[in-house]
Amino acid sequence: MAPMIEDSVSHGTTTASSNPVGKPTLYSNVDEEGLQAAASNCLANYGTKFEKDIVVGSRGLYVYTANGHKVLDWTSGQMSCLIGHGHPEIVSTIHDHAESLDHLFSGMLSPPVINLAKRLTSVLPHGLDKAFFLSTGGESNEAAIKMAKVYTGKFEIVGLGASWHGVTAQALGTQYHYGRKGQGPMMPGMHMLPPPNAYRSIFRNPDGSYDWETELNYGWDLIDRASCGSLAACIVECIQSSAGMHVLPPGYLKALKKHCEKRGMLLIVDEAQTGVGRCGDLFAIDHEGVVPDILTLSKTLGNGLPLSAVVTSSEIERVCTERDYCFYTTHVNDPLPAAVGDKILEIVVRDGLVEHSRTLGLRLQAGLQKLKDRYGCVGDVRGRGLMAGLEIVGDRETKAPALELASRIADKMYQLGLWANLSSHSSFGGVFRIAPPIVLTEKQLDEGLEIMENAFRTTEGTMPLY
């Protein structure tokens, strides 16, 4: 079934269109200069550089700035607005629950929470049978790690070298991409596997191909030497987005689970960005048929609202209950965001958006490969479904990052009307991280690729090959 694209915040469904029905008017007349001054005076830094423009509206696949700039959003906000901004069914769900069933005492049950748990576990494989709901990805990973520790009675946690799992204590302890400095020791018992990076890894087969299996076995050998004998769990993303959109090699997740089983550990899979159809499967774990012991979801499940999930087996839930597992928060199992998550799952399955993501993902990869064929500064293209990475280098032989060039290309793209996130931090390595809403149309996809081509063509230093 072809997806229905929601371009208006009015209730009901519209037919597919690349243009929204009018610019949002909530903040149509603002004092941009005054807001910028207030931001400078009152907003604290939390680890990122603020973009120069103030966004005053969002609708469909576009965001609008105070100075009148219309920008195609190819990162779904913070990789979250899975079915676009202002989707009418989501607007209606939020309105109805804000009016009639918004927030409850954390021990109370409500229909949206039960319905979401039922729908979510029904589309997941057997062994992921029980769910509860929190607010952020970091929170869900924190809860999952604690669950693994309570269940196993052990405390050591293994993460991957380029991971991003959140900024709470245990999630941050397993996060090796960025954010560990400035606060003293991390949680005890945290270990790191080499990051699976097919483009840059030094582990190579005789033919030059990536030897991820030797790299993975080497990493586990180091962990076995460092461990005090209390390995509880390993946490992994199927696509390491913050690291630069690195996809786990085929067979990696299955091998990782075997390593965990050998050591009596649980496998936790973090599908904050890959879940709910983003990568051409309903869940990324479906791609290789691997069932983790604990699955965490966030971002895409709430379409931009704060909603995350922890899903595990009935047996793990039973044992943890007996051992007084507690992750009791103010907003655990809140009705309003749960209702949104339930509606998101309904829409994604009903409208055939998983297949749509898979099909358009092939078209996206082909378009990005064409850019690589045309411009020598494109070192690598990677991804799956509507989740892609494009890495900018100064030399294809040495693979030297070209951060300044990447920044200039990103600025040109934005001027031309496309936002395809390029972090300003050097740890991200000059990679465009692309994850548009999966209601993207072919016309909008081609529009974005055309803007990218124009940006590369008109930016000095991109090394045209034609």
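The values are calculated or read from the model by the stated rules, or taken from the named source; none is laboratory data. Only a predicted model underlies this, so the values are computations on that prediction, with no experimental measurement involved. Heads up, the Cβs are rebuilt from the backbone with ideal geometry, glycines too, and the neighbour counts pull from every protein chain shown. These accessible areas exclude ligands, DNA and RNA; they are computed on the full protein's heavy atoms, side chains included. Shrake-Rupley method; radii C 1.70, N 1.55, O 1.52, S 1.80 Å.
Only a single item in (1) crowded, with 24+ Cβ neighbours inside 10 Å; (2) touching an Asp or Glu at 6+ places or on another chain (Cβ under 6 Å); (3) not small (Gly, Ala, Ser) is not met by ASN115, and it is number (1). Listed by first and then second residue, the pairs linking a residue in segment 96-120 that is in contact (Cβ under 8 Å) with a residue 24 or more places away in the chain to a residue that is of a type in the set (D, E, K, R) and not in a helix (DSSP H, G or I), with Cβ atoms under 9 Å apart and 6 or more places separating them unless they lie on different chains, are ASP102/ASP334; HIS103/ASP334; LEU104/ASP334; SER106/ASP334; SER110/ASP334; PRO112/ASP334; VAL113/ASP334. Scanning segment 174-183 for residues that are free of Cβ contacts under 8 Å to residues at least 24 places away in the same chain and open to solvent by less than 50 Å² (accessible area, probe 1.4 Å) returns GLN175, TYR176. Assessment of segment 407-422 against the conditions (open to solvent by less than 20 Å² (accessible area, probe 1.4 Å) and more than 30 Å from PRO88 (Cβ to Cβ)) yields at least one matching residue. Assess whether ALA410 counts as being assigned to a helix (DSSP H, G or I), touching a strand residue (DSSP E or B) at 6+ places or on another chain (Cβ under 8 Å) and over 25 Å from SER357 (Cα atoms). Considered against the rule, which asks whether it is assigned to a helix (DSSP H, G or I), touching a strand residue (DSSP E or B) at 6+ places or on another chain (Cβ under 8 Å) and over 25 Å from SER357 (Cα atoms), ALA410 comes out as no.
Condition (residue is open to solvent by 30 Å² or more (accessible area, probe 1.4 Å), at pLDDT 95 or above and of a type outside the set (D, E, K, R)) applied to segment 374-382: is it met by at least one residue? No: segment 374-382 contains no residue that is open to solvent by 30 Å² or more (accessible area, probe 1.4 Å), at pLDDT 95 or above and of a type outside the set (D, E, K, R). Report yes if ALA339 is among the aliphatic types (A, V, I, L, M), modelled with pLDDT of 95 or more and surrounded by fewer than 20 Cβ atoms within 10 Å (Cβ to Cβ), otherwise no. The answer is no for ALA339.
Out of the residues in segment 202-221 meeting the condition of being touching a residue at least 12 places away in the same chain (Cβ under 8 Å) and exposed (fewer than 15 other Cβ atoms within 10 Å of the Cβ), tell me which one is farthest from ARG382 (Cα to Cα).
Going residue by residue through segment 202-221, those that are touching a residue at least 12 places away in the same chain (Cβ under 8 Å) are 203, 210, 212-213, 215-216, 218-220.
Checking which are exposed (fewer than 15 other Cβ atoms within 10 Å of the Cβ) leaves us with 213, 218.
Details: GLU213: 19, TYR218: 25 Å.
Ranking the qualifying residues of segment 202-221, first place goes to TYR218.
Each residue in segment 139-186 was checked for being in a loop (DSSP other than H, G, I, E, B) and within 25 Å of VAL247 (Cβ to Cβ), and 14 of them qualify.
Answer with yes or no whether VAL431 is modelled with pLDDT under 95 and touching a Gly at 6+ places or on another chain (Cβ under 8 Å). Can you show your working first?
Values: modelled with pLDDT under 95: yes; touching a Gly at 6+ places or on another chain (Cβ under 8 Å): yes.
It is true that VAL431 is modelled with pLDDT under 95 and touching a Gly at 6+ places or on another chain (Cβ under 8 Å).
For the condition touching a Leu at 6+ places or on another chain (Cβ under 9 Å) and free of Cβ contacts under 8 Å to residues at least 60 places away in the same chain, VAL311 does not qualify.
When restricted to residues that are surrounded by 17 or more Cβ atoms within 10 Å (Cβ to Cβ) and within 24 Å of the chain's Cα centre (by Cα), segment 307-330 contains 8. Only one of the numbered conditions (1) in a strand (DSSP E or B); (2) free of Cβ contacts under 8 Å to residues at least 40 places away in the same chain is violated by PHE133, and that is (2). Cβ-Cβ contacts under 8 Å between residues 6 or more apart (or on different chains), taken from a first residue in segment 317-336 that is free of Cβ contacts under 8 Å to residues at least 60 places away in the same chain to a second residue that is open to solvent by 70 Å² or more (accessible area, probe 1.4 Å) and assigned to a loop (DSSP other than H, G, I, E, B), are absent.
Criterion first (in a helix (DSSP H, G or I) and open to solvent by less than 40 Å² (accessible area, probe 1.4 Å)) does GLN365 satisfy it? Criteria met by GLN365. Of the residues contained in segment 187-201, none is found to be in contact (Cβ under 8 Å) with a residue 24 or more places away in the chain, of a type outside the set (Lys, Arg) and assigned to a helix (DSSP H, G or I).
Any residue in segment 375-397 that is part of a helix (DSSP H, G or I) and either free of Cβ contacts under 8 Å to residues at least 60 places away in the same chain or small (Gly, Ala, Ser) (or both)? Don't jump to the end; show me each part of the working.
Going through segment 375-397, the residues part of a helix (DSSP H, G or I) turn out to be none.
No: segment 375-397 contains no residue that is part of a helix (DSSP H, G or I) and either free of Cβ contacts under 8 Å to residues at least 60 places away in the same chain or small (Gly, Ala, Ser) (or both).
Taken across segment 136-159, residues that are closer than 18 Å to GLU346 by Cα, of a type in the set (Gly, Ala, Ser) and surrounded by 19 or more Cβ atoms within 10 Å (Cβ to Cβ) do not occur at all. For segment 144-168, the set of residues classified as more than 23 Å from THR321 (Cβ to Cβ) and either modelled with pLDDT under 90 or in contact with an Asp or Glu (Cβ under 9 Å, 6 or more places away or on another chain) (or both) consists of LEU160, ALA162, SER163, TRP164, HIS165, GLY166, VAL167, listed by residue number. Considering (1) open to solvent by 10 Å² or more (accessible area, probe 1.4 Å); (2) touching a Lys or Arg at 6+ places or on another chain (Cβ under 8 Å), the lone condition that CYS279 does not fulfil carries the number (1). Looking across segment 225-248, the residues that are more than 15 Å from VAL269 (Cα to Cα), open to solvent by 30 Å² or more (accessible area, probe 1.4 Å) and in contact (Cβ under 8 Å) with a residue 12 or more places away in the chain come down to ALA226, CYS228.
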